[in-house]
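Accompanying notes for the structure given below.
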Amino acid sequence: LADIGERGISRIANLGDLAGKGPDGDQVIDLCREICEVNVRGNWDEALAVIRDADWATPVQERLGPERLAWLGALPFAWDIVLGGSRVRLLHASPQGVFHRVQQAGDDAPKLAMFDTTEFTDPEFVPDVVGYGDIHTAYLRSFPGKLLFNAGSVGNPLDLTKATYAVLEAAGDSLSVNLVYVAYDIEAELARARASGMHGYAAYAWELTTG
């Protein structure tokens, strides 16, 4: 957020998975509700809102409380916006659903399907640009007349061990998309996680320290 502020960015969109990993899901939700223009629903958000009596979910749900869980379950699937003459769709995983994962590697067909209209999207809005989260790996990929990007992850990056976000900047009829990598104190984050006694600490620590 300090880096965002230094760049003079005034509009923030969060592409989902606010809670589930890490020790501070309640604080993350409260902060994002305050500062983000939009929050879209991720797979962790949906799971926490609907799953009951799961060993991994119960401690997180108890910390979040019923009001935050209801808010997570009501988050929109996608956000459609026109920027710099481009029709931009921002969502968590893919138009096929919050649990339908599209990786950076592999065939182009799943990536091109990111521009599809489905039961979850507005049939009147056909995007030129699609940005998503879910895979925790930032990248840019262009196709004829289309641009696909992944914003990476702030709290759980799985490429470089830095918090990652995407900047969209419109000027007239032009649009730029840039990826930003921000170093942060991983050891301090892990110390806070250990002190909280969070569920799944070992896997969390391995991901944060190795990417």
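Here 8, 22 are screened, and the one residue that is over 25 Å from residue 89 (Cβ atoms) and part of a loop (DSSP other than H, G, I, E, B) is 22.
Among the residues in the stretch 38-45, are any of a type in the set (A, V, I, L, M), within 20 Å of residue 184 (Cα to Cα) and not in a helix (DSSP H, G or I)? Break it down stepwise before answering.
Looking only at the stretch 38-45, we keep the residues that are of a type in the set (A, V, I, L, M), and these are 38, 40.
Remaining after also requiring within 20 Å of residue 184 (Cα to Cα): none.
No, that holds for no residue.
Close contacts from the stretch 107-126, counting a first residue that is open to solvent by 80 Å² or more (accessible area, probe 1.4 Å) and a second that is among the aromatic types (Phe, Trp, Tyr), with Cβ to Cβ under 8 Å and a gap of 6+ residues or different chains, come to 120/77; 126/115.
Which of the following residues is out of contact with any Phe, Trp or Tyr (no Cβ under 7 Å at 6 or more places or on another chain) and open to solvent by 30 Å² or more (accessible area, probe 1.4 Å): 170, 138?
On the way: 138 fails: open to solvent by 30 Å² or more (accessible area, probe 1.4 Å).
It is 170.
Considering only residues that are surrounded by 14 or more Cβ atoms within 10 Å (Cβ to Cβ) and touching a residue at least 60 places away in the same chain (Cβ under 8 Å), look in the stretch 173-188 and name the one that is nearest to residue 138 (Cα to Cα).
Step one: list which residues in the stretch 173-188 are surrounded by 14 or more Cβ atoms within 10 Å (Cβ to Cβ), which gives 175, 177, 179-182, 184, 186.
Keeping just the survivors that are touching a residue at least 60 places away in the same chain (Cβ under 8 Å) gives 175, 180, 182.
Details: 175: 18, 180: 9, 182: 13 Å.
Residue satisfying both the conditions and the ranking: 180.
Just one of the listed residues (13, 54) is among the small types (Gly, Ala, Ser), open to solvent by less than 60 Å² (accessible area, probe 1.4 Å) and within 25 Å of residue 194 (Cβ to Cβ), and it is 54.
Considering the stretch 72-103 alone, what residues qualify as being over 25 Å from residue 128 (Cβ atoms), of a type in the set (A, V, I, L, M, F, W, C) and surrounded by fewer than 19 Cβ atoms within 10 Å (Cβ to Cβ)?
74, 99
The values are calculated or read from the model by the stated rules, or taken from the named source; none is laboratory data. Quick caveat, the model's predicted, so the values are computed rather than measured. Please note: Cβ atoms are built from the backbone with ideal geometry, for glycine as well, and neighbour counts cover all protein chains shown. When the accessible area is computed, the model is the full protein with side chains, heavy atoms only, and any ligands, DNA or RNA have been set aside. Shrake-Rupley method; radii C 1.70, N 1.55, O 1.52, S 1.80 Å.
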